[in-house]
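The values are calculated or read from the model by the stated rules, or taken from the named source; none is laboratory data. This structure is a prediction, so every number in the text was calculated from the model and none was measured. Here the Cβ positions follow ideal geometry from the backbone for every residue, glycine too, while neighbour counts run over all protein chains shown. These area figures cover heavy atoms from the full protein model, side chains too; ligands, DNA and RNA do not enter into them. Shrake-Rupley method; radii C 1.70, N 1.55, O 1.52, S 1.80 Å.
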2 protein chains.
Amino acid sequence: MRIRTATDLGAFIRERRTKLGMDQIALAKKAGTSRKWLVEVEQGKPGAEIGLILRTLKSLEISIEVEADSPVETPSQGKAKAPDINSVLDSLKKRPLKKQI
Amino acid sequence: MRIRTATDLGAFIRERRTKLGMDQIALAKKAGTSRKWLVEVEQGKPGAEIGLILRTLKSLEISIEVEADSPVETPSQGKAKAPDINSVLDSLKKRPLKKQI
DNA sequence: CCAAATAGTAACCGTACGGTTACACTTTGT
DNA sequence: ACAAAGTGTAACCGTACGGTTACTATTTGG
């Protein structure tokens, strides 16, 4: 299922929880959170912290996949997009070391 | 890419951002958050709120998919998996229907 | 009817999330 | 050499997230 909003996520969590025959207390305990928090998350609370969300999904054996929609946006670089050298150079340009004076 | 931790998510966000040629300020503004927040998220902050995360992923044109790992109760023989009767029974057993007095 | 189980809600409270501002460090371009 | 761009970090502060506890529906079962 594609997740676009916190409400989507809450609905999916609730559906999975009930299919597994768990109540809110059981899931909250397994995920290391509180029942209050789970209630709010299942209702689509956008302020829920990602760490607790991930623990909850793991407790429900739900996997998350992220994917870039468009391969890459090359605005005006023409049509030659073979080796994507810019990305390679950019990644090599990452802050390598912390140099001390 | 499979997301298991907040660090995974932060790394993916950063990779996508740089591939799109955006700096932290541009992405933060587009996602409606602050650069400080984005720095922490890219470093794997588990306390980041899911609402801001979703806005950021949308700004990067990243889609999220969630999926239940096991259908419901791994039936060892996956040949013809009848109309998952267990789920039906479970849901009926839990909170079946709203019955009128 | 009453009791039990599950879920939604409210209050209070300590903590930390997120925004703002400022400064330090590195790389790049002039 | 310098300045600019990009990033990491620190401080302060208002707000709200999450935990706890309690109470309220709603349904089921005795």
Original post:
In what sequence, largest accessible area first, do A:K45, A:K36, B:K29 appear using a 1.4 Å probe?
Top reply: B:K29, A:K36, A:K45
**OP:** Using a 1.4 Å probe and ignoring any ligands, DNA or RNA, find the accessible area of A:D23 and quote it in Å² to the nearest 10.
**Re:** 80
Original post:
So how exposed is A:V39, as accessible area in Å² (1.4 Å probe, rounded to 10)?
Top reply: 40
**OP:** Whenever you get a sec, line up A:E67, A:E61, A:E42 from highest to lowest accessible area (probe 1.4 Å, protein heavy atoms).
**Re:** A:E67, A:E61, A:E42
Original post:
Taking the label point as lying 7 angstrom from Cα along the Cα-to-Cβ axis, what are the distances from B:K30 to the corresponding position in the remaining copies, in ascending order and in nanometres?
Top reply: 3.8
**OP:** Can you check what the net charge comes to around B:I25, using other residues whose Cβ is under 12 Å from the Cβ of B:I25 (Lys, Arg +1; Asp, Glu -1)?
**Re:** +4
Original post:
Pairs A:K45/B:K36; A:K45/B:K30; B:K29/B:K58: which exceed 20 Å Cα-Cα?
Top reply: A:K45/B:K36; A:K45/B:K30
Subject >> Cβ-placed point charges (K, R +1; D, E -1), dipole of the range A:6-59 about Cα centre in debye, nearest 20 >> reply: 240
Subject >> Cα gyration tensor shape for the range A:19-73, rounded if a/c is under 1.5, else prolate or oblate >> reply: prolate
